[in-house]
Each structure stands twice: as C-alpha cells, then as structure tokens.
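Colleague: Next up is a structure, given as structure tokens.
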Amino acid sequence: MINGMPAGDRVAMRQRESRPVVADLENWMRAARARLSRHAETAKAIDYMLTRWPAFTRFLDDGRICLSNNAAERAAAIYTLIATAKLNAINPQAWLANVLARIADHPASRLDELLPWHWKVAQKQAAAA
C-alpha cells in the first residue's frame with residue numbers, strides 16, 4: 001500500500017500508523033530489559049536493538065527509506081547466477097537468455113538440467129550433433 005507513494009506521503013502514513021507501534025515496542029523492550037539479568041541472552045538481544053534504535057527508527061522520518069530489502073536480495077540472486085555462469089566458463093547472457101526462454105515449459109523435476117554446468121554439457125552435445 002505504501003510502496004510507490006511519494007516520500008512525503010510515506011512519512012505521513014508512517015507517522016500516523018507506525019510511530020505509535022514503534023513507541024509501544026520501545027517501551028515494552030525497555031520494561032522487559034529492566035527485569036532481565038545483564039547476562040541473559042534476551043537482554044543481550046534487547047541491548048543490541050536499543051543501541052541501534054536511531055537507525056531502526058530512521059524510516060519514520062525519511063520517506064525515501066524502503067522497509068524491504070527485496071531489491072537487494074533480487075540483485076544478490078542475479079549476481080550469484082552471473083558469477084556461477086562465469087565460474088563455469090559460460091557466457092552469462094547466453095545462458096540466462098536460453099534458460100529464461102525455456103524454463104516455463106521445462107519440467108520442474110528436471111530443473112537441474114538448466115544449471116550452468118549441466119547446461120554447458122548439453123550445449124556442447126547439441127553443437128556436436
């Protein structure tokens with residue numbers, strides 16, 4: 001719902017919807033922390049979070065901050081595919097283009113055939129035939 005909104009609108013919505021929840025969370029954490037021994041693992045986790053509270057709450061005042069790291073995870077996945085192709089001495093663009101063109105009709109039980117090292121062998125066999 002908030003994705004795609006202008007930054008100013010995001011801030012307004014976060015102030016209205018998220019700030020009270022974040023304030024309640026902070027109050028709960030501080031109260032829970034006061035009841036725990038400093039050696040308790042839960043206390044260590046709470047301390048970790050509270051020492052980073054300004055960074056955690058920055059999103060409340062900056063509508064440019066995205067609360068999801070999905071874009072970074074997608075980029076990492078794509079980078080992994082490209083690096084894997086390169087490690088197998090395969091042109092990443094050729095491999096990805098071929099796999100993306102075929103994957104919709106490829107049986108799920110045989111997806112391993114599309115892995116770079118298997119794909120490379122299949123391409124050599126097809127060229128030799």
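The values are calculated or read from the model by the stated rules, or taken from the named source; none is laboratory data. The model shown is predicted, which means the values in this text are computed figures rather than measured ones. Positions of Cβ are generated from backbone atoms using ideal geometry, with glycine treated the same way; all protein chains shown enter the neighbour counts.
Colleague: Considering L36, L50, L25, L87, which residue is assigned by TED's automatic domain parsing to the domain that holds K120 and either surrounded by 10 or more Cβ atoms within 10 Å (Cβ to Cβ) or among the β-branched types (V, I, T) (or both)?
Modeller: Step by step, each of L36, L50, L25, L87 is checked, and only L87 is assigned by TED's automatic domain parsing to the domain that holds K120 and either surrounded by 10 or more Cβ atoms within 10 Å (Cβ to Cβ) or among the β-branched types (V, I, T) (or both).
Colleague: If a residue must be acidic (D, E) and either touching a residue at least 24 places away in the same chain (Cβ under 8 Å) or touching an Asp or Glu at 6+ places or on another chain (Cβ under 7 Å) (or both), how many such residues does the range 1-59 contain? Please lay out each step first, then the result.
Modeller: Residues of the range 1-59 acidic (D, E): 9, 17, 24, 26, 41, 47.
Going one step further and asking which of them are either touching a residue at least 24 places away in the same chain (Cβ under 8 Å) or touching an Asp or Glu at 6+ places or on another chain (Cβ under 7 Å) (or both), we end up with 9, 26.
Within the range 1-59, residues that are acidic (D, E) and either touching a residue at least 24 places away in the same chain (Cβ under 8 Å) or touching an Asp or Glu at 6+ places or on another chain (Cβ under 7 Å) (or both) number 2.
Colleague: Next up: Just to check your reading of the model, which residue among T42, T80, T57, T84 is assigned to a helix (DSSP H, G or I), in contact with a Pro (Cβ under 8 Å, 6 or more places away or on another chain) and not hydrophobic (A, V, I, L, M, F, W, C)?
Modeller: T84
Colleague: OK, next. Kindly evaluate D61 against the criterion of being closer than 30 Å to R19 by Cβ and of a type in the set (D, E, K, R).
Modeller: In short, yes.
Colleague: Still on this structure, please answer the following. Filter the range 46-61 for residues that are under 11 Å from M29 (Cβ atoms) and in contact with a Lys or Arg (Cβ under 6 Å, 6 or more places away or on another chain) and give the result.
Modeller: Hit for the range 46-61 is I46, nothing else.
Colleague: While we're on this one: Suppose we keep only residues that are among the basic types (K, R) and more than 24 Å from G8 (Cβ to Cβ) within the range 19-66. Which one would you say is farthest from the chain's Cα centre (by Cα)?
Modeller: The extreme case among them is R35.
Colleague: Now, a different point. Just to be sure before I move on: is D47 outside any helix (DSSP H, G or I) and among the charged types (D, E, K, R) in the structure I sent?
Modeller: It is false that D47 is outside any helix (DSSP H, G or I) and among the charged types (D, E, K, R).
Colleague: Look at the range 53-68 and say how many of its residues are surrounded by fewer than 10 Cβ atoms within 10 Å (Cβ to Cβ) and polar (S, T, N, Q).
Modeller: Matching residues across the range 53-68 total 1.
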